[in-house]
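Each remark here refers to the structure printed beneath this line.
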Amino acid sequence: MWLDLLANFSAVGLTVSIWANAQTWVRRVPRPLRPVASGILMGIGTICTMLLSVELQPGSYFDLRTTLVGLSTFFGGPFSGLVTALIAAVYRTTLGGVGLVAGFVGIIASLLLGSAFWALRRKTGTTAFSLTLFTIGNALASISGVPFLPEAARAIVVQTAVGPSLAVTFLASLAFGTGMAISRRRGWLTHLLQSAVEQAPDYFYVKDRSGRIIAANWNTARFNNRSSPRKMIGLTDLDLAGPDRAAALFEAEQHLLRTGTPIVNRSERLPTAFGEPHTYLTSKYPILNSDGEVSGLVGVTKDFTTHETLLANLESAHKRLDMVLNHTSDGIAYFDAQGKLVLANPRYRELFPITGYLREPGRHLGAILRAVYRTGEQANLPESEQGWIENVLDSLVRGGEQDIQLSNGTWLLIRTSPLPEGGAVVVVSDITHLKRAETELAAVAEQFRILASVDALTGLKNRRSMVTALESEYARSLRSHAPLSFVLIDVDWFKRFNDLYGHPAGDACLRMVADRIRHCVQRPSDLAARYGGEEFVLVLPQTDAEGARAVVAAIQDEIRTLQIAHEGSTKGHVTCSAGIATFTATATPGVPMDLLDQADKALYAAKDQGRDTALHWQDVAGTTPLPAIVREAG
């Protein structure tokens with residue numbers, strides 16, 4: 001019962017995961033059809049749960065279909081829930097049986113409950129509170145059909161299924177409902193950021209190493225006479241500019257991609273679509289992949305014509321600039337060539353709660369920085385006060401961007417752009433929400449990475465982790481000429497054990513065996529993993545054949561000490577056999593999986609000798625040691 005419900009739990013999790021990842025696609029669907037798309041996706045999930053349902057009596061099924069119906073309604077609205085409910089009801093009809101009416105009741109109860117709490121969430125604006133109440137109600141909805149079962153079936157269901165159904169439905173609704181809420185929030189933030197870039201007043205674009213545009217915003221598309229940003233994808237400067245200018249742009253970008261040196265504030269004077277000359281300021285920065293290699297570039301071009309006009313007419317410029325500065329969400333400041341603050345908007349002072357009062361025109365940046373250092377306004381400052389101040393002052397000349405954290409936890413992005421006539425413009429943006437989103441995403445990614453490398457039953461590493469570790473240690477052994485041993489362990493007569501005592505007892509046995517293996521493999525460099533079924537593997541770096549035999553002997557002693565009864569074994573209790581293979585400095589290099597082949601042959605030889613024993617590949621191959629990494633023909 002519990003294993004089947006856990007399988008249902010996994011099916012719900014998979015459906016919710018697909019739902020979360022499909023949100024970007026769903027947003028492209030016309031708004032009236034979005035509930036239909038969401039409802040169909042969740043409806044397919046209900047079919048999957050019913051395929052994995054528990055049949056307590058002929059025609060009486062228990063699963064987590066009501067969880068998906070309720071979640072679909074709670075997050076997608078009544079129409080989305082109705083689509084999901086109809087799909088679930090149609091498929092339940094095909095199953096038939098005595099529990100058909102009860103199944104319909106559960107589906108309808110979840111639909112109505114989800115609609116009620118969907119309305120509550122929209123009215124109060126509090127997802128957490130509404131989700132908590134919905135979780136409790138949805139668990140009760142999962143058993144709402146029990147009274148509609150025939151008396152004989154109802155008695156069995158009440159005795160065996162009500163408790164598990166309540167518990168698993170509650171956990172599934174709470175866990176996956178919380179996940180969907182977080183996913184919707186993150187998806188909204190991502191969509192907001194994407195929309196902000198696409199609708200930004202500047203010209204944004206991203207290029208690959210070949211100079212092809214792979215992303216652009218609306219302004220870039222309009223400037224190049226394209227109907228949408230998608231029409232820009234795949235184009236190069238040869239498609240958009242004259243041959244001479246395109247060649248110059250390509251050469252400058254290739255230099256950036258080779259050296260990683262950004263192009264900062266490159267000025268060009270170009271005609272607009274109406275033939276009027278405008279000045280554009282372009283900055284291009286390398287995009288680094290996870291290995292630190294340059295994989296492309298991101299560029300932003302700003303129309304600088306208006307600013308030039310403002311500089312030519314100083315009085316008019318001051319009025320217009322003040323209007324812009326006082327209504328922007330970023331802090332903006334202008335420092336002259338001597339490092340003195342010439343002007344700053346109110347937001348610039350607000351972003352620095354301790355030293356904001358010092359950031360007035362005429363104040364030297366060095367004096368402001370000394371106050372920052374001595375008050376501790378900025379976190380993680382270096383030990384050298386003077387060195388840090390000089391480095392920041394130099395940024396007024398060289399420009400650049402820097403993320404800093406204040407002592408109150410706020411994160412700021414500071415962008416410094418030197419001006420041709422001297423001095424620099426500093427733009428300060430509050431990026432605290434972005435940093436928090438990065439931290440949360442990194443934590444989720446790490447959790448998934450750990451789950452993907454661990455065997456769920458035993459807690460040991462899984463087969464994929466073993467293969468990765470074996471390949472890595474094999475390469476290290478080739479370089480260092482240190483021995484590397486590989487051990488394949490098999491629980492003796494395990495099929496008989498399962499036949500005699502059942503699979504739950506078999507799983508418990510494997511967990512106890514895994515615990516003893518873990519107890520005996522203590523070095524940080526060693527790896528113990530479940531290979532599959534009742535087989536386990538050890539990867540033992542810097543361990544020769546005798547060392548591996550000692551580890552195996554200790555594991556066999558520990559397993560014997562458990563005295564797990566096994567009437568199907570000649571020993572009367574659970575034992576294990578093992579095959580060992582060792583790569584040494586004198587061996588002929590081959591491939592890592594040859595060690596697995598050798599250990600496998602040694603294991604089967606050990607079983608032929610009566611089990612509860614361990615043999616090394618050399619014991620099987622003969623008294624003359626054979627090359628440890630040579631694959632046998634055939």
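Taking the Cβ of A221 as the centre, find all other residues whose Cβ is under 9 Å away and add up their charges (Lys, Arg: +1; Asp, Glu: -1).
Taking every other residue near A221 into account, the sum is +4.
What relative contact order, as a whole-number percentage, does the chain give when Cα pairs under 8 Å and 6 or more residues apart are counted?
Answer for the chain is 6 percent.
So, counting K/R as plus one and D/E as minus one, what does the shell of residues with Cβ under 10 Å around Y348 add up to?
Here the count lands on +1.
Segment 203-242: Rg/Rh from Cα coordinates, Kirkwood Rh?
My calculation of the ratio gives 0.92.
Could you do me a favour and compute the accessible area per residue for the chain, 1.4 Å probe, result in Å²?
Accessible area per residue, the chain: 51 Å².
Checking a compactness column here: for segment 481-533, what do you get for Rg(Cα) / (2.2 N^0.38 Å), N being the number of residues?
Dividing the Cα Rg of segment 481-533 by 2.2 N^0.38 Å gives 1.38.
As a check on your grasp of the helix formula, calculate [θ] at 222 nm for the chain: sum -39500 (n - 2.57) over DSSP H runs of n ≥ 4, divide by the residue count, round to the nearest 500.
Here the helix-only value at 222 nm equals -17500 deg cm²/dmol.
Just want the answer: with Cβ charges of +1 for Lys and Arg and -1 for Asp and Glu, which residue in L86, V454, L615 is farthest toward the dipole's positive end in the chain?
In the chain, that residue is L86.
I'd like to know which of I368, G145, A587 lies farthest towards the positive end of the charge dipole of the chain, counting +1 on Cβ of Lys and Arg and -1 on Cβ of Asp and Glu.
Final value for the positive-end residue is G145.
Net charge within 11 Å of L270 by Cβ-Cβ distance, Lys/Arg positive one each and Asp/Glu negative one each, not counting L270 itself?
Neighbour charge sum, excluding L270 itself: -1.
Of all the C-alpha pairs in segment 463-572, what % are more than 24 Å from each other?
Value for segment 463-572 (Cα pairs over 24 Å): 29 percent.
Just the C-alpha atoms of segment 383-422: what Rg/Rh do they give, with Rh taken as the Kirkwood radius?
Rg divided by Rh gives 1.04.
Can you compute the equivalent ellipsoid semi-axes for segment 348-402, i.e. the square root of 5 times each eigenvalue of the Cα gyration tensor, sorted largest first and rounded to whole Å?
Ellipsoid semi-axes (Å, largest first): 17, 15, 11.
Please state the Cα pair-distance histogram of segment 343-454 with 5 angstrom bins from zero: what percent is in each bin?
2, 10, 17, 22, 18, 10, 7, 5, 4, 3, 1, 0, 0
Assigning unit charges at the beta carbon (Lys, Arg +1; Asp, Glu -1) and nothing else, what dipole magnitude in debye, to the nearest 20, does the chain show about its Cα centre?
Its charge dipole is roughly 1900 debye.
Quick one: divide the alpha-carbon radius of gyration of segment 26-77 by 2.2 N^0.38 Å and tell me what you get.
Cα-based Rg divided by the globular estimate yields 1.38.
When all alpha-carbon pairs of segment 402-491 are counted, what percent fall beyond 20 Å?
Counting every Cα pair in segment 402-491, those more than 20 Å apart make up 66 percent.
Of the peptides 287-297, 574-584, how do they stack up when ordered by the mean number of other Cβ atoms within 10 Å, highest first?
Descending packing order for the listed peptides: 574-584, 287-297.
Could you calculate the FRET efficiency of D239 with T306 from 1/(1 + (r/R0)^6), where r is the beta carbon distance between them and R0 is 22 Å, rounded to 0.05?
It comes to 0.20.
Give the whole-number value, in cubic angstrom per residue, of the convex hull volume spanned by the C-alpha atoms of segment 35-120. Don't skip to the end; give the middle numbers.
Values: hull volume 5.5 nm³, N = 86.
Per-residue hull volume (Cα only) is 64 Å³.
Given 10 Å bins starting at zero, what is the percent of C-alpha pairs of the chain in each, up to the one with the largest pair distance?
Spelled out per bin, shortest first, that is 3, 12, 14, 15, 17, 18, 13, 7, 2, 0, 0.
Taking the DSSP beta bridges in the chain as the whole, what percent of them are antiparallel, to the nearest 5?
95 percent
Considering just Cα atoms, how many Å³ per residue does the convex hull of segment 97-165 enclose?
Numbers: hull volume 4.8 nm³, N = 69.
For segment 97-165, the hull spanned by Cα atoms encloses 69 Å³ per residue.
The values are calculated or read from the model by the stated rules, or taken from the named source; none is laboratory data. Owing to the predicted nature of the structure, the values given are computational and were not obtained by experimental measurement. Cβ coordinates were reconstructed from backbone atoms using ideal geometry, including for glycine residues, and neighbour counts include every protein chain displayed. Keep in mind that these areas ignore ligands, DNA and RNA; they rest on the heavy atoms of the full protein, side chains included. Shrake-Rupley method; radii C 1.70, N 1.55, O 1.52, S 1.80 Å.
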